[in-house]
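What follows is a set of notes on a single structure, which appears directly below.
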Amino acid sequence: MLAPTVRPARIQMQIVPSTALAFLMLLMLAIKGPYRGLWVFLAATPFGAAAAFNLPAAGGASILVSDLGALMLFALLWVQPDAPNRLVGTMRAYQPGFWMLLLVVVCVVSALFYPRLFQGATSVFGLSRVNNATGIVEVPLHATNGNLTQLFRIMLDAAAFFALATVFRLRPDGDRVLTAIAVATFVNVGLGWLDVLTAAAGQPKALDVIRTANYAILAGDKMVGIKRMVGGFPEASAFGYYTLGLFGFWLHMWLVQGRSRRTGWALFLTTVALLRSTSSSAYVSAVVFLVGYAAVRIASGGGRTVSRRAVGVSVAAVGAVLMAGVALAVCYAVLPPVTAFLDRALFDKMGTSSGVERMSWNTQAWANFIDTWGVGAGLGSMRASNWVLASLGSIGFIGTSIFLALVAAMAWLPARAETDAGRAAVIGALKSGCLALFVSAMLTAPTPDLGMLFFAMAGLATGLSRGAARESSKAEMWRRVAD
């Protein structure tokens, strides 16, 4: 009797309605290239729940539209002449690209080897999918599909970072970046209001064509009767996180170049969308970011370079916040609807079952760090409820230190306002957006991944800053030759 033939499982690709959107984006990027097509890529990032396709045989993993965009950007860069040398230039020692490269290496090692090295040595809270239902369960540490999917996400982030940092190091055009961020902003705000208005019109599933990823979609959630703004994302907190990054960008642009009508409208619409998201994590993160941003502005200005307008706006903002706080306190005391909303959004958050559960994640994440002797349980092995513990518990002390070095290198990027004030403002705004996202992640992120928008902004800021330095060096060389 012949033994039955065992055929290896094939990775099936599930086509979804948003696959057409992914195809259109790839076509436009192929036509325009990574430089002129920046706005195309960034316009795809607000579609945070839109899958290009799903992979049922790979644990139900979803490849998002923006994921394919990042791969396409890197591929378009790679086929250009002298691409390897250009990429190596982006990885110059102790620059952000250098730390990004080290971070990728650590993530690869941690995802592939740490879960096996410490298998059974500790228990982790990990993502589990059973019968298409997603949940967080505590299990002994072992290798899972989550290690590969989280590694894939970091690799995609790195692809976007290196592609954008390299392209805009060679052609540091701040205006093109500003236009692309504006497109992403208006797409994000438009999707947010479309989500709210279609639900109000009795068509809550109208946006299901772009909510095709294998995530838990919480688009129908309400808070004290108010439809939560989700937009193109799977839940309000994800929408709030993305919107907060844009808010940080436009706040800086408005303070530095407030006369632009586009900047004013972008900041106004983003602020309204952030407030309308009803995301408690976004609210708290916004307050912490504003305090931190004000401190950085004052410290960096040193009392000498801070403009009268910036000081006036800051004082007015502080006054407005104080007045708003007093008004909220009064409304909280006398208006039951306001009391219910604030209790649900902020004050009762830690006492809920969700809050208690998330605190248990953090406790276990610290235990994972200790049980693995500071090495970490491996990228994708566990979840926490803030970035620090998620990083320490998964990629360990070394990985977290490298990640912080990347953030620090980003923060210290020079803007060189003496060569191009407009470009310097964009670099500062990109850094501000990254700061807002990092603050939010410090408070609520379940994994070390800070998201595509963070790494795209980081790559653009790195490219523009390095490009400005190249231009300044060339100008100095020509001045010496002329002398």
List 116, 470, 261, 228, ordered by accessible area with a 1.4 Å probe, largest first: 261, 116, 470, 228
According to a simple spin-label model (label point 7 Å from Cα along Cα-to-Cβ), what is the distance in nm between residue 201 and residue 265? 2.1
The long-range amide H neighbours of residue 124, using H built 1.01 Å from N in the peptide plane and a cut-off of under 5 Å, are 139, 141
Would you please report the Å³ per residue occupied by the convex hull of the alpha carbon atoms in the stretch 41-84? 82
Provide the solvent-accessible area of residue 366, counting protein heavy atoms only and rolling a 1.4 Å probe, rounded to the nearest 10 Å². 120
Long-range amide H partners of residue 52, meaning residues 5 or more apart or on another chain whose placed amide H is closer than 5 Å, are 63, 64, 65
For residue 223, list long-range residues whose amide hydrogen, built 1.01 Å from N in the peptide plane, is under 5 Å from its own amide hydrogen. 228
Output ³J(HN,Hα) for the stretch 364-370: one whole-Hz value per residue in order, computed from phi by the Karplus curve 6.51 cos²θ - 1.76 cosθ + 1.60 with θ = phi - 60°, and x for Gly and Pro. 6, 4, 5, 4, 4, 4, 5
Reported to the nearest 10 Å², residue 370 has, with a 1.4 Å probe, an accessible area equal to 90
Return the Rg/Rh ratio of the stretch 194-240 with Cα-based radii and a Kirkwood Rh. 0.92
Please identify which residues in the stretch 184-199 have an amide N closer than 15 Å to a label point set 7 Å out from the Cα of residue 218, following the Cα→Cβ vector. none
Heavy atoms only, 1.4 Å probe, whole protein assembly: order 235, 138 by accessible area, highest first. 138, 235
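List the equivalent ellipsoid semi-axes of the stretch 366-422 in whole Å, largest first, each obtained as the square root of 5λ for an eigenvalue λ of the Cα gyration tensor.
Rounded to whole Å, the semi-axes are 34, 10, 7.
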Under the Karplus relation 6.51 cos²θ - 1.76 cosθ + 1.60, θ = phi - 60°, what is the ordered set of whole-Hz ³J(HN,Hα) values for the stretch 89-100, x standing for Gly and Pro? x, 6, 9, 4, 3, 6, 8, x, x, 5, 5, 5
For a label point 7 Å along the Cα-to-beta-carbon line of residue 366, residues of the stretch 438-456 with backbone N under 20 Å: 441-448
Taking all protein chains together and a probe of 1.4 Å, list 82, 157, 420 from the most accessible to the least accessible. 82, 420, 157
Quote the accessible area belonging to residue 26 in square angstrom, nearest 10, computed with a 1.4 Å probe and with ligands, DNA and RNA left uncounted. 50
Quick one: pull the percent of accessible area on the stretch 145-219 belonging to carbon and sulfur, 1.4 Å probe, ligands and nucleic acids left out. 64
Ratio of the Cα radius of gyration of the stretch 6-106 to 2.2 N^0.38 Å, where N counts its residues: 1.29
Karplus-derived 3J(HN,Hα), 6.51/-1.76/1.60, for each residue of the stretch 143-157, Hz, glycine and proline x: 5, 9, 4, x, 4, 6, 5, 5, 5, 4, 5, 5, 5, 5, 4
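The values are calculated or read from the model by the stated rules, or taken from the named source; none is laboratory data. In this text, all values refer to a predicted model and were calculated from it rather than measured experimentally. So basically every Cβ, Gly included, is an ideal-geometry build from the backbone, and we count neighbours across all protein chains shown. Accessible surface is based on the protein model in full, side chains and every heavy atom, while ligands, DNA and RNA are left aside. Shrake-Rupley method; radii C 1.70, N 1.55, O 1.52, S 1.80 Å.
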